[in-house]
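One structure below.
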Amino acid sequence: MVASLPLVLFPFCLIAAALSDARRFIIPNELCAALVVGFGIAALLVGMDLATLGNHVLTAIVVLAVGFGLFCINVFGAGDGKLLAAIALWFGWPDFLPCIIVITLFGGGLSLGICYARAMTRRFPSISARSKPLATLAATETLKCPYGIAICLGTLLTFRNTPIFEALIAQVL
């Protein structure tokens, strides 16, 4: 029954991060920390060997470094990079590759949708007058994208194909 804890914690943290990013453009550090701790518990429960653990940790470090670089050039928020690194810890390499591809597709669609909504609210002010979020979107000068939504969707769709998920499910069943 303890094996179900990481299986509940993982999607809970992702959904909470997506909701927080959508509302406030902030991904709380506590959620990323909970994902890291949850991975530690999951690794212990499935008896992950040191080589596999090293792969997962190295994947997370590389993703954190890339996320920091994207933050420095103002492409990503700091929370997005930290969340991706915490997720990479769960996936390891090469299992993280399909996840990042799906996240990128969702992120592109999200960005295009926000651009379209912004253009429509500026062209038709009556639309934004009826909705405070749309009015805020139309008034912003910089294009912000709550990428945590795309990260959550892409991760939840691909997580079930990972060895750690399968091992945890095998223990629960």
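The values are calculated or read from the model by the stated rules, or taken from the named source; none is laboratory data. From a predicted model like this one, the values you see are computed outputs, not experimental measurements. Glycine also receives a Cβ, built like all others from the backbone with ideal geometry; neighbour counts cover every protein chain displayed.
Some observations on this one:
- Annotation note: Cβ proximity below 8 Å between a residue of the range 30-48 that is of a type in the set (Ser, Thr, Tyr) and a residue that is part of a helix (DSSP H, G or I) and buried (at least 21 other Cβ atoms within 10 Å of the Cβ) (sequence gap 6+ or interchain) occurs for no pair.
- The C-beta contact set for the range 107-136 (first residue modelled with pLDDT of 75 or more, second residue polar (S, T, N, Q), distance under 7 angstrom, 6+ apart or interchain) comprises Thr121/Ser128.
- Restricting attention to the range 142-173 and to residues that are modelled with pLDDT under 90 and under 23 Å from Ser20 (Cβ atoms), the residue that is surrounded by the most Cβ atoms within 10 Å (Cβ to Cβ) turns out to be Pro146.
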